[in-house]
1. Fully extended, how many nm does the chain gain between residue 493 and residue 77 (0.36 nm per residue separation, minus their Cα-Cα distance)?
2. Between 0 and 90 degrees, rounded to the nearest ten: what's the tilt of helix 514-544 against the longest Cα principal axis of the chain?
3. Trypsin sites (Lys or Arg not before Pro) within the range 50-118: which are DSSP loop residues with at most 16 other Cβ atoms inside 10 Å?
4. Mind sorting 222, 423, 507 by how few other Cβ atoms lie within 10 Å of their own Cβ, fewest first?
5. Taking the dipole about the Cα centre of the range 517-642, with the C-beta of Lys and Arg at +1 and of Asp and Glu at -1, give me whichever of 604, 520, 574 is farthest to the positive side.
6. Can you give the relative contact order of the chain as a percent, counting alpha carbon pairs under 8 Å and 6+ residues apart?
7. Put a dot 7 Å past each Cα toward the Cβ at residue 174 and residue 135; how far apart are the dots in nm?
8. How large is the charge dipole for the range 2-387, taken about the Cα centre, if only the Cβ atoms of Lys, Arg (+1) and Asp, Glu (-1) carry charge, to the nearest 20 debye?
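Bear in mind these aren't lab numbers, they're just calculated from the coordinates by the rules spelled out. Here the structure is a predicted model, which is why all the values come from computation and not from measurement. Counting neighbours? That spans all protein chains shown, and the Cβs are built from the backbone with ideal geometry, glycine included.
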Amino acid sequence: MKKKILTIALALFLMLSSFPLEILASEDNVLLNSEELQSTKTELDVEKIEMITDEIAEKYINKDIVGASVAIIQDGNIVFEKGYGLASVEENIEVSPTETFMEAGSVSKLFTWTAVMQLVEEGKIDLDEDIKNCLPKDYLNLSFEKPITMNHLMTHSAGFEENPTAMMVSDVKDILPLEEYLSQKYAPKQIYSPGEVVAYSNYGTNLAGLIVERVSGVEYSKYIRENIFNPLDMTNAYFDRNYTAVENIMKNKSEGYALKNGEFKKVPHVYINDMPAGSLNITADNLAKFMLAHMNSDGTGDLKLFKNPETLSEMHTTLFSHEDMRVNAHGFWEGEYGGVRTLEHGGNTIGFTSRFIMVPETDFGICLLTNAASDMSGMSTELIETFIGSGEIIPAEYSGDSHSEEVVGKYRSARTIEFTFGKIMYPLMNSDYEISTNQNGGINLKVSAYGIDSSYVEVAPYHFVRVDGKNTLMDKAGMNMSKLYFLRDSENKVTALTFGSVDQSLKISEVQSTGFTIGYIAICILVLLVGLISAVIMKIRNRKDKNKDNKLVKYYFSLSILGLLEFGNVVVQTLRFLAKPELSSSAFLPHIILSYIILILQVINIFFVMRNLKAARDLKVQKMYLIVLSVATVMMIVFLYSYNFYKFI
């Protein structure tokens, strides 16, 4: 059961997200010695590219992945495109890079950010303007006075919590108009001040898509069709959420698969309400055309996205950084492989995984689409490291003060749920980053849930690089964990860590940790179980000794049964959420109502327990444990309240 929960939770974490990063050289402490690193600019002929890609694909196809579609760009041309494996196991249909549609997931976001920059070029969007000026009056209910700008949306620093409600639906009737879907009925809360914390946000991208609609006067998918797809001759690309109504897609769309117990299982078709953030269906060759247009830096190529090359150049410049660590370039995550800067994005839906990475410096890029759910096989990472270069770097000499002791602690992703019961998912995942010192003066990073245990050394103040060279499960999923940076507050206290992109992980207290949470729950459950067993034993004894009447037995029974019933209720509620986090709030209403009924009965029972304790003078042990049972019940109520299980959503 624990393994299943972790698998589902990791899939949720990966869904519609991506993971690249970069650490750059500072003036005082060189993290990357570019003069010592070889250029990745290598002229490869098509035959060699195909041979290498074939060898890599052979390791994963039919083992970890059912099918994949690859396109490689070099010097302004698509030099290689090929399909591997099957688009449909059931019908034995092979993958074609020019015909097979796959879901791009969060790679969709790059199209939204490109549309934004087109409108910036036209003077219709100001990246520094309050986005409220582009939205209906009172559309947003924000927690902070500081205005949100388009720059904040692009860099995922607007401060929104995660909220997967209605993100994906199984019935076409549940597809919502974009403006309704983003309204306060479904909107996540703002939990960070704008510009302070990077917390990956589908909602923020969707807001940008709505702004594209409003300032252009054209519906989002139509705008993308007229201003990106048509100019680039992308005839096999669609943002239509009801893709079943598009004949071209349905005739050639791949099935999505999840690897379960060594077998590939077809996942159900869903419709994605997160249109600007993740509803793109596309072929690999069409995605490559989009990449070619983004690498047309001087504007001399046939495929163009902007009227002026300067707009493309601006889009590819760093917009958000942590001191000397570049993070985001107007929607692209910035990474580094083989000593060169990359612009990239990844994506996941429930049955597909994608990767988009380009190297402007060498005019090289890779597009990868797979029909594998939350693919962590490592195929994309191996392609990147083979053709571009390794994400690992050689630690530079560092003679400054050590900060290893300062950074010790536990850290949790800022991309979190705070105001609904989904908050419980994060401690249960056991996926916090645990930082400890090691005997070599460096630090160890451990993530228990994913079997990660890596060693790092400090190469600049609060900058660390991995020295054991191990590609972890998260590296294989696309998150380069080779470099690590710790953020501090105004008092220079460590508050967060980052690998350079997607989101920060904030330092948490021991009370928030997985160990404390599990221990807290375990104590409550143990007390309730002992109470129930004791009640049964006392009841049996009372029957044998008819002269003995223990009036406290019924409270043992009632408090124990009510507590265990509530525990069962929240377990079912949590498992339903983990299995289908996109379910509407109404789906969980019966659980919340039951929690309130149990809560009322628990309060009534505790009242009568306190009232009857004095009457049972000769039952000191029973009285003492009944007090313990009452305390455990209150502890459980406090826990459920703090994790929003009594909150109507």
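1. Extra length from residue 493 to residue 77 when fully extended: 144.9 nm.
2. It is inclined by approximately 30 degrees.
3. Those that pass, being in a loop and sparsely packed, are 63.
4. Ordered by Cβ neighbours within 10 Å, fewest first: 222, 423, 507.
5. With unit charges placed on the Cβ atoms, the residue in question is 604.
6. Value for the chain: 18 percent.
7. Taking the two extended label points, one gets 2.4 nm.
8. It comes to approximately 1560 debye.
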